[in-house]
Amino acid sequence: MRSPVRRWAALAVVLLAACGTVVGCAEPDWKDRYVDERVSRMMTESLTRLAGSRPEYPGVPMRNLTPFAWDGLFFFESGPQGGNVRDKTGFSILPEREYVQENHSLLVFLNGPNLAKVVLLKDGLSFPLYYANGKKYSSQARMISMDGKRVMKLVEPTAFQRLYHRDTEFKIIERLRTLRDERKKSVPIGDLGFAWDEMRVIEPRDLKKKTGLSYAGLEYRPSFSAFMVFSHRGRVVRIAEMGDMFFPPEHRRAWHGRKWGDRTMIVAREEWASFTLREP
């Protein structure tokens, strides 16, 4: 009669032999091992909604779509072999000769030297994506609609894009509404949510010459407007855009090159639909 120890040893040999076959204990697929299916589904839903809204400039930060910490992101289109993914990211996610399947995008998120998350998106008609294959993007990268279509482009923000904020424009318009609703003649620009001590009004064609900043190559097209460029201690900290309806060109022309201090007043014009500026 065999002892229990011998029976267990024999069983182990059988299992080891079975695991050497294809049908036995085959290694799990790379997608099962690395891809976070829950996050992949969540991002697919978010990007589908985002494509439907056709996000305009300055776009939606990628970090708003990701409920986890990361500071670097690689995008891979269908086709690259696992060796290419490993060379770019430093992680062997796909087997050496495995491909990212057709109509899919592989997203590899890093957090410092660590692998943060692997996401597999089936992009196509729902949310076509345009990005640089194999490029590393920062956590500041944003999704922007291309020419108002469902196709979305992943862009790395420039210095101009980091400084341009539409909420500053909305705050200034609120000041104008205060003039109209309370029948006041003037109100200070005041606190806009950031420190500033100087403001210049700059036409879009002069922005690069005056500040060194450029919006070229971005999905942004200035129309009938001017930039209000705010600085603090000699450094540009915020850029707002004001349309001609609120900020008529006939008032702006006399201000070219002029610097306004943080006590500048917004002065209502007679029609209460636009404003000019005045030092106190």
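Every number here is computed from the coordinates shown, using simple stated rules; none is lab data. Remember, predicted model here, so these are calculated numbers, not experimental data. Counting neighbours? That spans all protein chains shown, and the Cβs are built from the backbone with ideal geometry, glycine included.
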Let me check I've understood the local charge: for GLY193, count other residues with C-beta under 11 angstrom from its C-beta, Lys and Arg +1, Asp and Glu -1. What total comes out?
0
How much length is gained if the chain between SER138 and ARG54 is pulled fully straight, taking 0.36 nm per residue apart and subtracting their Cα-Cα distance, in nm to one decimal?
28.0 nm
In Å, what Kirkwood hydrodynamic radius results for region 19-156 from the alpha-carbon pair distances?
15.6 Å
List the GluC sites (Glu not before Pro) within region 88-194 that fall in a DSSP loop (any state other than H, G, I, E or B) and whose Cβ has at most 16 other Cβ atoms within 10 Å.
GLU96, GLU98, GLU102, GLU182
ARG38 versus GLU279, label points 7 Å from Cα toward the beta carbon: distance in nm?
6.0 nm
Spin-label point model (7 Å from Cα, Cβ direction): what's the ASN111 to ASP206 distance in nm?
4.8 nm
Under the 7 Å Cα-to-Cβ spin-label approximation, GLU102 and ASP167 lie apart by a distance in nanometres of 4.5 nm
Low-density loop cleavage sites - trypsin sites (Lys or Arg not before Pro) in region 78-147, where at most 12 other Cβ are within 10 Å (DSSP)
ARG97
Given the Cα atoms of region 121-280, and with Rh set as the inverse mean 1/r over their pairs in the Kirkwood sense, what is Rg to Rh to two decimals?
1.04
Under 30 Å Cα-Cα from LYS117, which lysines qualify once same-chain neighbours fewer than 8 residues away are excluded?
LYS31, LYS88, LYS135, LYS136, LYS149, LYS153
